[in-house]
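The values are calculated or read from the model by the stated rules, or taken from the named source; none is laboratory data. In this text the structure is predicted, and so the values were computed from the model without any measurement. A quick note on method: Cβ atoms are made from the backbone with ideal geometry, for glycine too, and the neighbour counts reach across all protein chains shown. Surface areas here come from the heavy atoms of the whole protein model, side chains and all, with no ligands, DNA or RNA. Shrake-Rupley method; radii C 1.70, N 1.55, O 1.52, S 1.80 Å.
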Amino acid sequence: MSTTSPNYHIRPYDPTRDRTSLEEICANIYGGSDYLPKVANTYVKDDSCSFLALTTKRTEDCQQQQQQQEDAQEDDTIIAVANYKRLPAQNAAWIEAVRTHSNYRNQGLASKLLQSIVLLAKEDDKNNKHQSPTNILTCTVKSNKGMQRVFDKLGFVQTNRISILSFSALRQLPGWDAKDTTITQGKPLLDALDLNHLIRPDARSIPASSWSTITTENQLLEQLNDMQKESEGRTCGFLPGLHEYIVPGRNRVDLKRSMERRLVLALNIPLDDKEMSGCDGVTTTTNNRKSESAILAFTQDERISSLKSNWVCSISAHSTLAFEAALHHAHSSEIAQRINGTTEMVPFCLTFDDAVPVKEGTIAHALPRVDDECVVFTYKLM
């Protein structure tokens, strides 16, 4: 895709000519540790992605075809980028890696890129007449009011949040920081945070045999859909990741590997309509649900560089009991064996669905979540 706007030119990112400019754009993002330059080439190689760049080449310059090559290159410097990832398995698409050069911010460039992506999505839908309209998803942090205004202007609406643990807090744990050479490997999450006592007896008593292994993409999609129906829409229908949704597809090699290692699991426990109370006084009401359910998945995220371990634990659940049961099982020797062949569990980051109750006295509330929440926005094509 190559388009023009009244001021700038939008074209595919070129990893050969644009690498240096991309590094400059990302230089001060995440304190200089932006993951984007590291993964940009994977976006280019992935046929489900359109990694777009907005350049300094003005529209009127496009008509001057006889310019010398070096002048044309200079006029075509990228100053903003965004990736559009198609997620056909869930009839969705994800916008990510939106970046603007610090010298060109507050000029509406991100808005121009997103407008082009919406047009691209409409073109895709026009060419796929037999499928339902695509839901375009994206996210930003709660404090980024500028980006939220852009989303609102373009017709996106906030639909969900993704709970993520604070990396700055995790780096403080002994042996977790990638720069910490004094300890080879830190303790597992709940041990390192000394929060095991907050998992109630009800959750601990759920046997490992209650967890079934998800081995195919279709099984995962069915479990997510069933859970969304059971929760009456409180779960989002997607598997939460780090500032993203993890959706099955050819581009998710990490998820495929995890399924092969039996690291994607589902919990379904039939329940009577009753209340279950733990020793800490926190009560879970089944609210006429037919079962307690959760999805637990471990994947490796190559974007993580500040921690020694790049394992991420994703949990989708809509009750305190199911969430605690998932977190308890995540620390089990059974999962440890599947990850590293020993009974010693590795450290991992944690992300979970917005439907998980975060109430005072629960482990979800005690976990060191980011202060700047990840909020998800959706644009529904008509």
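Do we find that Cys62 is at pLDDT below 90, out of contact with any Asp or Glu (no Cβ under 7 Å at 6 or more places or on another chain) and either open to solvent by 60 Å² or more (accessible area, probe 1.4 Å) or farther than 20 Å from Ser305 by Cβ (or both) in this structure? Talk me through it step by step, then tell me what you get.
Details: at pLDDT below 90: yes; out of contact with any Asp or Glu (no Cβ under 7 Å at 6 or more places or on another chain): yes; either open to solvent by 60 Å² or more (accessible area, probe 1.4 Å) or farther than 20 Å from Ser305 by Cβ (or both): yes.
It is true that Cys62 is at pLDDT below 90, out of contact with any Asp or Glu (no Cβ under 7 Å at 6 or more places or on another chain) and either open to solvent by 60 Å² or more (accessible area, probe 1.4 Å) or farther than 20 Å from Ser305 by Cβ (or both).
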Some residue of the stretch 170-186 being assigned to a helix (DSSP H, G or I) and not hydroxyl-bearing (Ser, Thr, Tyr): yes
Of the residues Glu222, Glu244, which single one is open to solvent by less than 40 Å² (accessible area, probe 1.4 Å) and not aliphatic (A, V, I, L, M)? Glu244
Qualifying residue in the stretch 152-164 (condition: at pLDDT 95 or above and in contact with a Pro (Cβ under 7 Å, 6 or more places away or on another chain)): yes
Scan the stretch 333-359 and report the pairs whose first residue is within 20 Å of Ser319 (Cα to Cα) and whose second residue is aromatic (Phe, Trp, Tyr), with Cβ atoms within less than 8 Å and a gap of 6+ or a chain change. Phe352/Phe323; Val356/Phe323; Pro357/Phe323
The one condition Asp202 fails out of (1) among the charged types (D, E, K, R); (2) within 26 Å of Val141 (Cβ to Cβ); (3) not in a loop (DSSP other than H, G, I, E, B) is (2)
